[in-house]
1. Mind checking which helices (runs of 4 or more DSSP H) fall wholly inside the stretch 141-255 and carry at least 3 residues that are in the same structural domain as TRP31 (by TED's automatic domain parsing), under 26 Å from ARG10 (Cβ atoms) and charged (D, E, K, R)?
2. Given the criterion free of Cβ contacts under 8 Å to residues at least 60 places away in the same chain, of a type outside the set (Phe, Trp, Tyr) and farther than 23 Å from SER170 by Cβ, identify the matching residue among ILE85, ILE23.
3. Of the residues LEU166, LEU135, LEU187, only one is within 25 Å of the chain's Cα centre (by Cα) and loosely packed, with under 15 Cβ neighbours inside 10 Å; which?
4. What do you reckon, is VAL62 of a type in the set (Val, Ile, Thr) and within 24 Å of the chain's Cα centre (by Cα)?
5. Among the residues of the stretch 62-77, which ones are out of contact with any Lys or Arg (no Cβ under 8 Å at 6 or more places or on another chain) and touching a residue at least 40 places away in the same chain (Cβ under 8 Å)?
6. Given the structure, is THR28 touching a residue at least 24 places away in the same chain (Cβ under 8 Å), surrounded by 12 or more Cβ atoms within 10 Å (Cβ to Cβ) and under 25 Å from the mean Cα position of the chain (by Cα)?
7. Take the conditions under 30 Å from ALA102 (Cβ atoms), in contact (Cβ under 8 Å) with a residue 40 or more places away in the chain and out of contact with any strand residue (DSSP E or B) (no Cβ under 9 Å at 6 or more places or on another chain) and apply them to ASP58. Does it pass?
Amino acid sequence: MENRFDIAGRRKLWFIISVTILILGILTMFWKGLNLGTDFTPGSRVQVNLGAGWKSADVQSVFNSVNLTNADITSAGTFNEQAVIRLGTTLTTDQEKQIKDALKSKFAGSQDPQIDTVSPMVAQEQSKTAIIAVLIASVGIILYMSIRFEYRFAVSGVLSLLQVVLIVISLFALFRVEVNLTFVAALLTIVGYCIHDTIVIFDRIRENLKFTKVKTVADLEKLVNTSLWQTMRRSIYTIITVVIAAGMIFLIGGPSIHNFALALLIGLVAGGLSSIFIASQLWLSWRARSLK
């Protein structure tokens with residue numbers, strides 16, 4: 001065991017990397033901002049299958065013909081056969097009918113568009129609900145881990161979770177991926193997975209504490225290293241398994257779950273690494289201060 005890679009002894013390096021990622025993530029969000037979908041911003045979203053080879057200028061001309069000049073047009077689908085149009089205004093029933101007729105007239109092979117409209121009140125309420133859901137999940141995790149383990153384990157686990165969440169959010173901001181309710185569902189899924197992996201490591205640390213006399217920081221580092229390597233194979237297998245599953249969803253899943261799979265793919269990898277290199281090291285540093 002002594003010849004294996006010393007993870008705990010290099011915790012300052014992991015903390016430097018972690019803080020750097022956090023700073024870059026915060027700067028990215030301030031610089032780029034989140035690409036909020038219609039779930040969180042008032043307006044309308046039109047998604048229509050136009051077939052391969054459509055041009056944004058042609059789609060824009062359709063919306064110009066019905067006096068909607070603020071259209072934001074992007075492509076979607078495996079072969080970019082779908083057009084996604086976002087509007088800063090909420091569409092009326094008459095406007096929706098005009099858009100459907102205009103699209104069919106301009107693009108002969110187009111299908112009926114899917115139109116989603118969110119009022120300002122609904123967007124505000126959904127944003128508030130999403131924040132409350134994440135906060136309740138975090139508080140629940142802290143309470144559960146404080147009861148099962150101790151408060152040091154609980155706080156260390158939640159801090160590592162916040163880093164994972166920030167990584168996912170900042171990457172979505174950097175690459176301008178749409179953030180909607182599906183994204184929030186992915187975040188909650190990531191939180192559940194990450195805390196489960198962290199609890200496995202913490203549980204092994206707690207069990208080893210029962211049979212180890214810890215008098216110095218070196219003893220504590222050896223204990224954490226031993227616990228991490230005893231659970232390392234399980235952690236690696238879990239990461240590989242979830243990456244394969246999320247990767248398949250991302251590659252062959254439909255456009256409606258594409259962002260969900262992407263968030264899962266990023267978050268599950270980051271969460272697995274964070275449970276090994278951050279969560280346990282935060283607990284070690286905190287416990288080491290009490291020894292001193």
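1. Details: elements: 151-174, 181-210, 217-252.
In the stretch 141-255, 181-210, 217-252 are the helices (runs of 4 or more DSSP H) which contain 3 or more residues that are in the same structural domain as TRP31 (by TED's automatic domain parsing), under 26 Å from ARG10 (Cβ atoms) and charged (D, E, K, R).
2. Details: ILE23 fails: farther than 23 Å from SER170 by Cβ.
None of the others qualify; the one that does is ILE85.
3. Details: LEU166 fails: loosely packed, with under 15 Cβ neighbours inside 10 Å; LEU187 fails: loosely packed, with under 15 Cβ neighbours inside 10 Å.
Every option except LEU135 fails the conditions.
4. Details: of a type in the set (Val, Ile, Thr): yes; within 24 Å of the chain's Cα centre (by Cα): no.
Considered against the rule, which asks whether it is of a type in the set (Val, Ile, Thr) and within 24 Å of the chain's Cα centre (by Cα), VAL62 comes out as no.
5. ALA76, GLY77
6. Numbers: touching a residue at least 24 places away in the same chain (Cβ under 8 Å): yes; surrounded by 12 or more Cβ atoms within 10 Å (Cβ to Cβ): yes; under 25 Å from the mean Cα position of the chain (by Cα): yes.
Considered against the rule, which asks whether it is touching a residue at least 24 places away in the same chain (Cβ under 8 Å), surrounded by 12 or more Cβ atoms within 10 Å (Cβ to Cβ) and under 25 Å from the mean Cα position of the chain (by Cα), THR28 comes out as yes.
7. Values: under 30 Å from ALA102 (Cβ atoms): yes; in contact (Cβ under 8 Å) with a residue 40 or more places away in the chain: yes; out of contact with any strand residue (DSSP E or B) (no Cβ under 9 Å at 6 or more places or on another chain): yes.
Here the answer is yes, as ASP58 does meet what is asked.
Matching residues to (1) loosely packed, with under 14 Cβ neighbours inside 10 Å; (2) of a type outside the set (D, E, K, R):
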| residue | (1), (2) |
| --- | --- |
| ASP203 | no, no |
| THR212 | no, yes |
| LYS215 | yes, no |
| VAL224 | no, yes |
| ARG234 | yes, no |
| HIS258 | no, yes |
| LEU268 | no, yes |
| GLY271 | no, yes |
| ILE278 | no, yes |
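The values are calculated or read from the model by the stated rules, or taken from the named source; none is laboratory data. Note that the coordinates shown come from a computational prediction; the quantities given were computed from them, not determined experimentally. With ideal geometry, Cβ positions are generated from the backbone for all residues, glycine too; neighbour counts draw on all protein chains shown.
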